[in-house]
Each structure stands twice: as C-alpha cells, then as structure tokens.
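J.: My structure is below; once you've seen it, I'll send some questions.
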Amino acid sequence: MSRTSQAASADVQHADSATRMHAITPETTQIVDMVLEYARRRMLGDDTPLDKPMSPSELRRLAGGSITDDGLGARRALALFENVLAPSCITTDHARYLSFIPSAPSKAATAFDLIVSATAVYGGSWLEGSGAVFAENEVLAWLAAELGLPATAGGVFVQGGTNGNLSALVAAREHADRRRREAGRPRPERWVIVCSAEAHSSIASAGRVMDVDVVAVPVHDDGTLRGAEVATALDEHGDAVIAVVATGGSTNFGIVDDIASIAALKDDRDFWLHVDGAYGLAAALTERARHRFEGVDRADSLIVDPHKWLFTPFDSCALLYRDPARGREAHTQHAEYLDALTDSLDYNPSDYAVQLTRRARGLPLWFSLATFGVEAYRDAIDASLALTERIAAEIETRPELELVRAPQLSVVVFERRGWEAADYAAWSDRLLDDQTAFVVPSSHQGRTNARFAIVNPRTTYDDLVGILDTMR
Ligand SMILES: *Cc1c(COP(=O)(O)O)cnc(C)c1O
C-alpha cells in the first residue's frame, strides 16, 4: 500500500471508531435494550432493598479501575452498577426511608424522565424547546392558580430548592436595587434578608453567595415566624431589606410560618415576600392543610420542589414569580451567540434563574399530572398528612416516647425518654444494618431526637409502628 492509501485506510478506521458510540449498530442496540430492561426491572420491581453505603476502600476494591482505554463493554459496566454501585446507594424511594426528605416519584414521572433524556430536549429556550416549555408552563400556571397567584405569574423549573431560593433572592435584590436607583438613593452598606431562625440552610447559603446579611428573627414556641417580629425587623432595616422569607413547611419539623400575618404587613409596608415551600407547599393542594398557607397568594416569589412531595425523580424545583419580568431582569444572560434568543419576545426559561443550559426538568411532573390528574395528587399528599397525624397520636400513647412538637404537615419529631445521642446513633445504625428502615437521628436545641419524614404514599402505619417497637 502506498503511504497515502495507508493514511486513507487509517482515516476510515478512525471514522468507524469515531461513530461507534453514536451509530445504530447491533452493539448500540443491545446497549439500549439492556439499559431499558434494567430500568424497567427497577421501576416495576417491588423488592429493591434499602441498601447502605460502602466505604471508599471497599468500593475501590470492588469497582475500581473501570475507566480503561478500550472500555469494559456495556455488559460488564452495567453488571458493575447493578451488583456493586447501586447496592451501595440507599434506596430513597423505599417505603421505610424516613430520613431527611425522602423521594417518592410516581411510576409515570420516573418512566417519563427516561424520555426527557431520550428526546434530547433543550429546555432553555422557546426557539429550541417550545413544546416542552409550553408543557412546563402549564404545570407552573396550574401551581400558580392553586396558590392564588395571578394568571400572569410564571417562572421556571430549576435543579433544586437551593437554586430556586438563590434565584428568587437575586431577583429580589435586583428589584430593590433598581428602586433605590430610581429614587436617587445610594445602595445600603449591607443588604439584608429577613427570615426565621428555623429557615432552611439554603437561605444562609444564598446570603453567603450574594454577600448579604441574613437576619434570623426569633420564632414562637411552636416554631413559627409571625408578622409582629417581622415588622420589627422591617422597621429596623428599612429598605435595605431585599426580601422577607417565610418558610412553608420547615424541613426539620414541617412547621409553616404564619404567612398570613407576614403577608398582611404588605398593607402598609413595601417588601418582597418570598415563600420557601420546597418541602411543604405541596400540602396546600389538600383540604386538610390548605388553611395553613393562607397569605401565600401575596408572595412575590415562591418555590416548591416536585422531587420532594410532588412525586418526581430528582432533581426539580418549581420557582414562581408573581411578576416574571422581575426574574427576567435579574437573570437574562447576554452574549453574541445568544442574540437570536435574547432579541426575541419568546418565553425562555433560562431567563428566570441562575442557569443557562437546562434539562426540561418539569416534564416528568407534567406527564404524571396529565396522566393521573390533580385529584390523585391531592389524595396521595393527604394520605401522608393523615398517616402523620395517626402516628403522632400513637407516639403520645407510648410512655417511653414524647413528641417534641405537634406535627403540622408530614414530619414528626419525637424523643425516646432516657436516650442519649449514642443510643439514637446505635439504634439508627441497627435499623439500617438489618435493613428495617433508614431513620437518622436529628436534634433540636442541642437534644437528640428521632424524626420521621413521610412523603411516600406506600409508607404504612404498620411500617412506622414496627419502627417504634424497636425503641421499647
Ligand atoms: C429541601 C429544602 C430546601 C433545599 O432544596 P434542595 O432541593 O435540597 O436544594 C430549601 N428549603 C426547604 C424548606 C427545604 O425543605
């Protein structure tokens, strides 16, 4: 072979190898089939154990060295995931996963999440993803209507509540800044966010990222932030306040701030009200809990995480602005290569949060809602509220147990009389070791306690009683 035909034949080989991962061949077809079959088994299997973490050295021994020049092949790589990696990940949608906030995606939402990937939808702009953006906005409009926001409200699904809170607060600061400029007033030395002492850690995180002060207002004995204390903070900090954050279901206790009395301050004060409902606001869909969220209709922005209590897989947070222009003014990115997008009047989801490229992460919720309807959501959320009431009543009848606070939503926090931190830790380890349940100890005011967070409609009363029995 001549030098040139040798080079040409090498180029052909390279071309084959360059398209090997993308072309439709027996190899790629088999990979797709294997992966879908695994996903199908996992979604429809009823026997996925809780599982538990492995140590780095164990994982290195069992699964190290998987990245090689020539590849392991899909069969071996998938076996490694199924036999080693997956079992060292706790099953967050297990009925007896009760720590933190569990996940409980509907079958429809999980299955559809595969389609979000398979269709390679770009969710950042109307130009590229109009159908997906339309469907996501249908969900946001439904949420806005449920919560009493005006029909002009809008927003975007972002990765999680931390990003949602940050994006809303950045928009609030932009708004405050503009108004001071328009009034010919200089920036304050420090901007201030007002929230409750029990607000989620992501508010403090936003304060650090934005370099603004977070003023934590003391709560009442029942854990709620109320108007009177917020009024004092507003009087003290004036229009250096970017926003007041009310929590619509604290993560530790599921306690809802007195949003109505805080919102009522708007009658004679001008401030941005942000409601952090990442975990709890879903409960406003039910008759049983709706009254707790009175006043949320006056929010300037709010968030709720579908990956917590609206039954979608990780990760998804719905961020809503009363006036979406506020979000757009703060977040639209300008760049020459984006001119075709920014020069149009289209609804571009990227413009409403700290993000650009985005997965259409509202679509799994859209599909599940469209499939089952809103009533199925109300019923599923209500079931967890009812179960929480029932198990709290059971805890009260047990002499060795004591509620730390009466639950409002679906978190119940209680102490085992006589136990120290080490007792809770040993008990929790034992539950996970024997694969009974995943319940990590929590604490309040320096005292260790046990905490059930219940969002999975498949969690039963017997599941919970069985765990209480292990504390005798
Ligand atoms: C979980 C939670 C957050 C943070 O949401 P992520 O999705 O975990 O980022 C913020 N606020 C509250 C009240 C939460 O429960």
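J.: Here are the criteria: (1) open to solvent by less than 30 Å² (accessible area, probe 1.4 Å); (2) more than 23 Å from the chain's Cα centre (by Cα). Tell me which single one E389 does not satisfy.
T.: Failing condition for E389: (1).
J.: Of all residues in the range 245-267, count the ones that are within 30 Å of F414 (Cα to Cα), of a type in the set (A, V, I, L, M) and free of Cβ contacts under 8 Å to residues at least 60 places away in the same chain. Spell out how you get there, then give the answer.
T.: Here is the first cut: in the range 245-267, the residues within 30 Å of F414 (Cα to Cα) are 245-262.
Pick out the ones that are also of a type in the set (A, V, I, L, M) and you get 245-246, 255-256, 259-260, 262.
Going one step further and asking which of them are free of Cβ contacts under 8 Å to residues at least 60 places away in the same chain, we end up with 246, 259-260, 262.
Result for the range 245-267: 4.
J.: Looking at the range 365-376, is at least one residue open to solvent by 40 Å² or more (accessible area, probe 1.4 Å) and either touching a strand residue (DSSP E or B) at 6+ places or on another chain (Cβ under 6 Å) or assigned to a loop (DSSP other than H, G, I, E, B) (or both)?
T.: Checked the range 365-376: no residue is open to solvent by 40 Å² or more (accessible area, probe 1.4 Å) and either touching a strand residue (DSSP E or B) at 6+ places or on another chain (Cβ under 6 Å) or assigned to a loop (DSSP other than H, G, I, E, B) (or both).
J.: State the number of residues belonging to the range 229-254 that are crowded, with 20+ Cβ neighbours inside 10 Å and on the phi > 0 side of the Ramachandran plot.
T.: 2
J.: Next question, about the same structure. I'm told H307 meets every condition in (1) within 16 Å of the ligand (Cβ to nearest atom); (2) more than 28 Å from A450 (Cβ to Cβ) except one. Can you identify the failing condition by its number?
T.: H307 satisfies all of (1) within 16 Å of the ligand (Cβ to nearest atom); (2) more than 28 Å from A450 (Cβ to Cβ) except (2).
J.: Within the range 281-307, how many residues are touching a Gly at 6+ places or on another chain (Cβ under 9 Å) and basic (K, R)?
T.: 2
J.: Right, another one. For A145, which of the numbered conditions (1) surrounded by fewer than 19 Cβ atoms within 10 Å (Cβ to Cβ); (2) within 16 Å of the ligand (Cβ to nearest atom) fails to hold?
T.: Evaluating A145 over (1) surrounded by fewer than 19 Cβ atoms within 10 Å (Cβ to Cβ); (2) within 16 Å of the ligand (Cβ to nearest atom) leaves (2) as the failure.
J.: Where the second residue is open to solvent by 80 Å² or more (accessible area, probe 1.4 Å) and not aliphatic (A, V, I, L, M) and the first is under 18 Å from Y97 (Cα atoms) and lies in the range 44-60, which pairs have Cβ atoms under 7 Å and are six or more apart or on separate chains?
T.: Listed pairs, sorted by first residue: T48/R42.
J.: Would you list the strands (runs of 3 or more DSSP E) that sit entirely within the range 255-339 and hold 1 or more residues that are small (G, A, S) and crowded, with 24+ Cβ neighbours inside 10 Å? Reasoning before the result, please.
T.: On the way: elements: 273-276, 301-304, 317-321.
Passing ranges, in order: 301-304, 317-321.
A quick yes/no check of all residues on (1) within 16 Å of the ligand (Cβ to nearest atom); (2) in contact with a Cys (Cβ under 6 Å, 6 or more places away or on another chain); (3) in a helix (DSSP H, G or I); (4) open to solvent by 70 Å² or more (accessible area, probe 1.4 Å):
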| position | (1), (2), (3), (4) |
| --- | --- |
| G155 | yes, no, no, no |
| N165 | yes, no, yes, no |
| L169 | yes, no, yes, no |
| A176 | no, no, yes, no |
| R181 | no, no, yes, yes |
| R185 | no, no, no, yes |
| E189 | no, no, no, yes |
| S202 | yes, no, yes, no |
| S205 | yes, no, yes, no |
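J.: If you don't mind, there's one more thing I want to ask. On the basis of being open to solvent by 40 Å² or more (accessible area, probe 1.4 Å), in the same structural domain as R292 (by TED's automatic domain parsing) and of a type in the set (K, R), does R458 make the cut?
T.: no
The values are calculated or read from the model by the stated rules, or taken from the named source; none is laboratory data. If you're wondering where the values come from, they're calculated on a predicted model, not measured in any experiment. Note that we place each Cβ from the backbone using ideal geometry, even for glycine, and neighbour counts take in every protein chain shown. All accessible areas refer to the heavy atoms of the entire protein, side chains included, with ligands and DNA or RNA removed. Shrake-Rupley method; radii C 1.70, N 1.55, O 1.52, S 1.80 Å.
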